[in-house]
Amino acid sequence: MQRPRTLEQALEVLARATSSARLLAGGTDLMVEFETGRTHPDVVFDLWGVKELRYVRAENGGLRLGSLSTCRDLLDSALAREGADLLVLAADEVGAEQIKNRATLGGNLGTASPASDLGPVLSVLRARVRLVSLRGEREVSVDDFWTGYRATQRANDELIESVFIPTCPRDERRGFRKVGTRRAQSISKVVVAMALRVDGGVLQGVRSAAGSVAERIVRLSTLERALDGQRPSRALVSDATRDSARVDARPIDDVRSTARYRRATLQRVAEGLILDLAGIEGAH
Amino acid sequence: MNRSVGGVLARPEGPAKVTGRALYVADLRVEGAWVAGTVRSNVARGRLLGFDFDPAFDWKRVVIAGPEAIPGANLVAMIVDDQPLLCADAIEHFGEPLLIVAAETPLTLRAALAAIRPRIEVRPAMLDMEASEQLFKRIAIDKGDVEAVFAAADGAAIRVLEGTYRTDTQEQMYIEPQGFVAWPPDANGTIAVTGSMQCPYYVQKSLMRAFGVEAHNARVVQAATGGGFGGKEDYPSVLACHAALMARVCGRPIRMLYDRHEDLAVTPKRHPSRVRHRTAVASDGRLLAMDIDVLLDGGAYTTLSPVVLSRACIHAAGAYRCENVRIRGRAVATNHVPFGAFRGFGAPQVCFAVERQMDRIAVALGLHPVELRLCNMLRRGDVTATGQVLEHSVGSVEVMDEILARTKIDRHPWRAQQTGNVRRGLGLAFFFHGAGFTGSGEALLKARVAVELDREGCVIVRSASTEFGQGTLTMFTAIVAQALGCDARDVIIADADTQGVPNSGPTVASRTCMIVGGSLQKACAELLVRVGPGPAPFRERARAFVQRGGDSQIEITYTSPPGLAWDDATYRGDAYPAYGWAADVAEVEVSLDSFEVRVKRFTSAVDVGKAIQPQMVEGQIEGGSLQAIGFAHLEAATMKHGQFQQNRMATCVIPTTLDTPTFDVALIEVPFEHGPFGAKGVGELPMDGGAPAIASAIEDALGIHMDHMPATPERLLEAWLAAHPKEEL
Amino acid sequence: MSVQEPVDLRCTINGVARELRAAPLRRLLDVLRDDLGLTGTKEGCGEGECGACTVLVNGEPVNSCLVPVCQVDACSVTTIEGSGFEGVQAAFLEHGGAQCGICTPGMIVMTRAWLEERSRLGAAVDLESARKALAGNLCRCTGYAKILTSALAAAAVKP
């Protein structure tokens, strides 16, 4: 058990970390794992005290969010509401107020849950993750950061220092939708984020990602390819979302939902979001 | 003017609850206590061969008790003696208790439990109630001649409509998990337990059988209890015996507290059901014959299934008039964890079925659902399926008038064509629920309640009826204060302790107010006569009465109202002394992209006879309705390989504030002359109507007839795709 | 240092400075209940779903079952046994906000946090925000109607 207070201390203790070490931030995931006996860690690094990682600040060309920023911090930040609107929307739906006060951005990234509510939004917002260690620092896109089911490319000695969100194009339209059935405190069954521009009647820069439909957060690249540069029509959007739900999603049946429901809902929700953002009437 | 009844009294236990001072079982500090846990089967069916104890664990740190340590009978005393306290051989369900283990600390206990592996020869399990041929109970109710009507059906003047309806299980989800503390036998050989429970005398009966002791040597005290809803009716008998057994073996107090996961995995839930309806109906909507087949999955042991089936069958024809009725009911055995009591007790399942069948009939005949109900609803003087003539306190017309006035659902074009992503719907359910035990139950039980005065002239009420949120203490206080004309602060309700209160029967079946409260009113009437009239306040007269040596001890044994007759052999007669009547209207929105249902508004008109404490009655109706709303569309609850799948609170979801509609509750009071101040029961009633009202509203919104509860988004999607195959991916 | 090894912590609990010695990952909930006897904080699920264990840490509501005790070092913790809840408690008593009572302490702590948050923001105390604020506190008895009424009534009595 180590409880560093500064980034420097954190990097020093992490330098000796092995793969069995667990990094504790706000505890909303890890404490459940401990309690249910799924994890019996020997080595835990409690990062909660590294207050310098709790910030939201403007940076050249975008916004930098410290990894220990909580969902509540994001909601309370005028900068975040302005520069990462979709992320704030998603942060508001992560859980109850009690959870939002502890759940952190870095914890969310590091846990790499396929059901992460923040995940699809970070992907659509082109977020980049800054990893630091005594060896140096590097920045990777979130799409590359997640490598599989609850897996990331963070090395044992690295710390998720922050996330950079580049400034969104001025005319970009964005949407987010979480489907959890229960309206609060739910783990998502399907979560979708979408961004696009409409330029002279043509769709540009379509970006979309979804959670809870595969072993990790996935980009809906089939949909993006099908729509980019096209004039939107109901038929086109229907076809694109259908293809995407068939190709990009790899959902499973589990205790919360069915693969069929996840796939169908991904298609229906994505279709509605696109029609809505593109200004086309009524999804169904 | 005393306004205790019909007014607002403070909850006697309220200050302790809002300050956190109320002591629930987990809050009790017990000197020298060890903690105990349970080794369980990890298969649905098999034969226990033995146990592997990990040699790496230091077994001297724990105490282990198996079935051979039980001094009396190895069984859970309930209706039928078929359930062992600890399984010795044949395993009948997942999570069946095999051994009890005790340790000084929770950490040691957890390690010990992980180090014991039962060796089990797995056997094929019966997990399909429709395939099971092993019966716990069969019930037949016959009225008139259904076959003659069906034979005359011509498809025009008389049509026959069929439907099959299913409900999944449902978890009670009291927020306080089950728990007990037990003490080893004292010098007199008395075993004592305290815990979270509804029925102290049920627990006592179990202890007496398991330990071979007399009643005075089995003391049961209820701790503050954090919700029950039926879930703490029968299971506490199991847990209390386990804890008491270990206390006896260890010779020290034992705390046995389930965590949420264990509670969800092994405690009883609502019976899954399959109900078939075949109905002959005249072209004007009159019900001519109802043929109803009720099937309940009882799980591995009998527990309460016979009585759940009884209530289910009696309510199966709904609150409707029909000359020819045939009801056949079966509760069958499977290798599921035993299903048990949950608010409604069989009625929510059959109410869902009959109300859906009424909607199906309405669609077939082109009638508005309201019109069909108005045409057939039981009114005063009508005869129920069991042949009971409804003469007393029949509020059917009143609740229907009120619900129509408030919602105007009769003028709403049901199943009208809609467009757009969000579809809206209104749905009605009309229903009744018998108050008190079924048939001769109360006559056989002879529930007792006692009052006496203390030296200060305060009234002490002794009853085994427990408080677990519903407001028992406040309701009793109001009845006593009103009956005696005394100040509510001068009423003292004794603790539910089997050494201090008589057996008032279990706190179940919407019987506490009408049955026990009724006896309490009688006891007070006699006390008032003894104390005598006078200008002084009651307490002063009472104090003087006690000081002059007056005998204030009065015990009343319940007797059924005159004229009630019930034949258990034929299931004919007066099934209940009185019924609560109600109508619910649900207003929903359904999103066509996610098939999530949002209940916007929920209106109830409920005839409770008399609302002893209106604020609490509303609280019962709102709370029960929300449980029904959860049952209708949210609370997915599934069994797989004999295991309850939603075994964490993160997956076993119940509604939050944001899933809650605006409630509009109308209390209707059609007094019942044999209830206290006219009161009937209210506890279970609001659980019955929510599911069918919401299913009806969903049908209004989507044009889809859902016949399986809960109507989860997954099920709604499948039903929608079946009706709109072009939308299939 | 092992995760089992106790550590020394200083914090303020209900206004009283305390020195605690506990294994760092023990749940704040257990330390409050078992070590300090503050059993007003309840456990309903042990995984941050029900909110029965809600306490305030530096004024912010958290689920104490998810907070390792080492994270309240140098913090101020307020439980239902603390002061400042009287107005909310009175409102819950008067308006039928408590039935079985097991969710009640958490519900009252959360209601106070909501009222203070609204006051800090200068925002209206309305039904919608009460619903949202209390969405992480599960109650199975009341259907929430009387809880929401109580919360709104508490706003009227709280300064």
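The values are calculated or read from the model by the stated rules, or taken from the named source; none is laboratory data. Being a predicted model, the structure only gives us computed values, none of them experimental. When we count neighbours, we look across all protein chains shown, and the Cβ atoms used for this are built from the backbone with ideal geometry, even at glycine. With ligands, DNA and RNA removed, areas are computed over all heavy atoms of the protein, side chains included. Shrake-Rupley method; radii C 1.70, N 1.55, O 1.52, S 1.80 Å.
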Handout entry: Test result for B:M616, surrounded by 24 or more Cβ atoms within 10 Å (Cβ to Cβ), within 10 Å of another protein chain (Cβ to nearest Cβ), of a type in the set (A, V, I, L, M) and assigned to a helix (DSSP H, G or I)
Key = yes
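Just to be sure, is B:G212 surrounded by fewer than 13 Cβ atoms within 10 Å (Cβ to Cβ) and more than 14 Å from every other protein chain (Cβ to nearest Cβ)? Break it down stepwise before answering.
Details: surrounded by fewer than 13 Cβ atoms within 10 Å (Cβ to Cβ): yes; more than 14 Å from every other protein chain (Cβ to nearest Cβ): yes.
So B:G212 fits the description; yes.
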Exercise for the section: Search the stretch B:13-47 for residues being surrounded by fewer than 19 Cβ atoms within 10 Å (Cβ to Cβ) and farther than 23 Å from B:V181 by Cβ, and hand back the single one that is farthest from the other protein chains (Cβ to nearest Cβ). Expected result: B:R47
Completion exercise
Scanning the stretch C:77-89 for residues that are touching a residue at least 60 places away in the same chain (Cβ under 8 Å) and part of a loop (DSSP other than H, G, I, E, B), the one farthest from C:L115 (Cα to Cα) turns out to be C:E81
Exercise for the section: Give just the number: which of (1) at the interface with another protein chain (Cβ under 7 Å from one of its Cβ atoms); (2) open to solvent by 10 Å² or more (accessible area, probe 1.4 Å); (3) within 28 Å of B:A650 (Cβ to Cβ); (4) touching a helix residue (DSSP H, G or I) at 6+ places or on another chain (Cβ under 7 Å) does C:G96 not satisfy? Expected result: (3)
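Could you please let me know if C:C103 is surrounded by 18 or more Cβ atoms within 10 Å (Cβ to Cβ), within 10 Å of chain A (Cβ to nearest Cβ) and under 18 Å from C:R33 (Cα atoms)? Don't jump to the end; show me each part of the working.
On the way: surrounded by 18 or more Cβ atoms within 10 Å (Cβ to Cβ): yes; within 10 Å of chain A (Cβ to nearest Cβ): no; under 18 Å from C:R33 (Cα atoms): yes.
Spelling it out, it is not the case that C:C103 is surrounded by 18 or more Cβ atoms within 10 Å (Cβ to Cβ), within 10 Å of chain A (Cβ to nearest Cβ) and under 18 Å from C:R33 (Cα atoms).
Of all residues in the stretch A:187-215, count the ones that are open to solvent by 10 Å² or more (accessible area, probe 1.4 Å), among the β-branched types (V, I, T) and within 14 Å of chain B (Cβ to nearest Cβ).
Step one: of the stretch A:187-215, the residues open to solvent by 10 Å² or more (accessible area, probe 1.4 Å) are A:187, A:189, A:197-202, A:204-205, A:207, A:212, A:214-215.
With among the β-branched types (V, I, T) added as a condition, the list becomes A:187, A:198, A:202.
Then keep just the ones that are within 14 Å of chain B (Cβ to nearest Cβ); that gives A:187.
Qualifying residue count, the stretch A:187-215: 1.
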Handout entry: Members of the stretch B:272-301 found to be open to solvent by 10 Å² or more (accessible area, probe 1.4 Å) and either basic (K, R) or in the same structural domain as B:N376 (by TED's automatic domain parsing) (or both), listed by number
Key = B:R276, B:R278, B:R286
Practice task
Answer yes or no: is there a residue in the stretch B:64-80 that is crowded, with 18+ Cβ neighbours inside 10 Å and touching a Phe, Trp or Tyr at 6+ places or on another chain (Cβ under 6 Å).
Solution key: no
Problem - Unmet requirement for A:A112, which otherwise passes all of (1) among the aliphatic types (A, V, I, L, M); (2) open to solvent by 30 Å² or more (accessible area, probe 1.4 Å); (3) modelled with pLDDT of 95 or more - result: (2)
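Taking the criterion of being assigned to a helix (DSSP H, G or I), within 14 Å of chain C (Cβ to nearest Cβ), open to solvent by less than 40 Å² (accessible area, probe 1.4 Å) and modelled with pLDDT of 95 or more, would at least one residue in the stretch A:124-143 satisfy it?
Pass one, the stretch A:124-143, residues assigned to a helix (DSSP H, G or I): A:124, A:142-143.
Remaining after also requiring within 14 Å of chain C (Cβ to nearest Cβ): none.
Scanning the stretch A:124-143, I find no residue that is assigned to a helix (DSSP H, G or I), within 14 Å of chain C (Cβ to nearest Cβ), open to solvent by less than 40 Å² (accessible area, probe 1.4 Å) and modelled with pLDDT of 95 or more, so the answer is no.
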Problem - Odd one out for B:A450, checked against (1) open to solvent by less than 10 Å² (accessible area, probe 1.4 Å); (2) in contact with a strand residue (DSSP E or B) (Cβ under 6 Å, 6 or more places away or on another chain); (3) hydrophobic (A, V, I, L, M, F, W, C); (4) within 30 Å of B:Y201 (Cβ to Cβ) - result: (1)
Handout entry: Given (1) in a helix (DSSP H, G or I); (2) within 14 Å of chain C (Cβ to nearest Cβ); (3) within 30 Å of C:E5 (Cα to Cα); (4) not hydrophobic (A, V, I, L, M, F, W, C), number of the condition A:E12 does not satisfy
Key = (2)
Practice task
Look at the stretch B:88-145 and say how many of its residues are surrounded by fewer than 18 Cβ atoms within 10 Å (Cβ to Cβ) and in a helix (DSSP H, G or I).
Solution key: 6
Completion exercise
The condition from (1) within 14 Å of another protein chain (Cβ to nearest Cβ); (2) at pLDDT 95 or above; (3) more than 22 Å from the chain's Cα centre (by Cα); (4) surrounded by fewer than 24 Cβ atoms within 10 Å (Cβ to Cβ) that A:G175 misses is numbered (3)
Exercise for the section: Might you let me know whether the stretch C:67-76 holds any residue that is closer than 27 Å to B:N647 by Cβ, touching a residue at least 24 places away in the same chain (Cβ under 8 Å), more than 7 Å from chain B (Cβ to nearest Cβ) and under 14 Å from the mean Cα position of the chain (by Cα)? Expected result: yes
Practice task
Tell me which residues, restricted to the stretch B:302-334, are more than 16 Å from the chain's Cα centre (by Cα), under 20 Å from B:K269 (Cα atoms), surrounded by fewer than 24 Cβ atoms within 10 Å (Cβ to Cβ) and not hydrophobic (A, V, I, L, M, F, W, C).
Solution key: B:T302, B:R330
Practice task
Would you please list the contacts, defined by Cβ atoms under 8 Å and residues six or more apart or on different chains, that run from a residue in the stretch B:688-702 that is farther than 12 Å from B:H412 by Cβ and open to solvent by less than 10 Å² (accessible area, probe 1.4 Å) to a residue that is among the hydroxyl-bearing types (S, T, Y) and part of a helix (DSSP H, G or I)?
Solution key: B:G689/B:S625; B:G690/B:S625
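Take B:S206 and decide whether it is farther than 26 Å from B:Q134 by Cβ, hydroxyl-bearing (S, T, Y) and either open to solvent by 10 Å² or more (accessible area, probe 1.4 Å) or not assigned by TED's automatic domain parsing to the domain that holds B:R356 (or both). Before you say what the answer is, go through the steps one by one.
Working: farther than 26 Å from B:Q134 by Cβ: no; hydroxyl-bearing (S, T, Y): yes; either open to solvent by 10 Å² or more (accessible area, probe 1.4 Å) or not assigned by TED's automatic domain parsing to the domain that holds B:R356 (or both): yes.
It is false that B:S206 is farther than 26 Å from B:Q134 by Cβ, hydroxyl-bearing (S, T, Y) and either open to solvent by 10 Å² or more (accessible area, probe 1.4 Å) or not assigned by TED's automatic domain parsing to the domain that holds B:R356 (or both).
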Handout entry: Residue that is farthest from the other protein chains (Cβ to nearest Cβ), among those in the stretch B:658-683 that are closer than 26 Å to C:L134 by Cα and buried (at least 24 other Cβ atoms within 10 Å of the Cβ)
Key = B:G683
Completion exercise
How many residues of the stretch A:23-35 are more than 7 Å from chain C (Cβ to nearest Cβ) and assigned to a loop (DSSP other than H, G, I, E, B)? The answer is 3
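Restricting the search to the stretch B:567-599, which residues are within 13 Å of chain A (Cβ to nearest Cβ), under 18 Å from B:G690 (Cβ atoms) and either in a loop (DSSP other than H, G, I, E, B) or open to solvent by 30 Å² or more (accessible area, probe 1.4 Å) (or both)?
Within the stretch B:567-599, the subset within 13 Å of chain A (Cβ to nearest Cβ) is B:589-599.
Right, trim to under 18 Å from B:G690 (Cβ atoms) and you get B:589-590, B:596-599.
Across the stretch B:567-599, the qualifying residues are B:E589, B:E596, B:R598.
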Completion exercise
Taking the stretch C:118-148 and the residues there that are more than 10 Å from every other protein chain (Cβ to nearest Cβ) and among the polar types (S, T, N, Q), the one that is most open to solvent (accessible area, probe 1.4 Å) would be C:S119
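Let's see how each residue does on (1) closer than 30 Å to C:G48 by Cα; (2) part of a strand (DSSP E or B):
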| site | (1), (2) |
| --- | --- |
| A:Q185 | yes, no |
| A:S188 | yes, no |
| A:A193 | yes, yes |
| A:L196 | no, yes |
| A:L203 | no, yes |
| A:V206 | no, yes |
| A:A210 | yes, yes |
| A:E215 | yes, no |
| A:L223 | no, no |
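Open to solvent by 10 Å² or more (accessible area, probe 1.4 Å) and under 15 Å from C:V67 (Cβ atoms): is that true of A:T28 in this structure? Full working, then the answer.
Numbers: open to solvent by 10 Å² or more (accessible area, probe 1.4 Å): yes; under 15 Å from C:V67 (Cβ atoms): yes.
Judged against the criteria, A:T28 is a match.
Taking the condition of being of a type in the set (S, T, Y) and open to solvent by 10 Å² or more (accessible area, probe 1.4 Å), how many residues in the stretch B:146-196 meet it?
Here is the first cut: in the stretch B:146-196, the residues of a type in the set (S, T, Y) are B:164-165, B:167, B:169, B:174, B:190, B:194, B:196.
In the following step, the residues that additionally are open to solvent by 10 Å² or more (accessible area, probe 1.4 Å) were identified as B:164, B:190, B:194.
Qualifying residue count for the region: 3.
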Problem - Every residue from the stretch B:417-461 that is within 14 Å of chain A (Cβ to nearest Cβ), assigned to a strand (DSSP E or B) and not charged (D, E, K, R) - result: B:V422
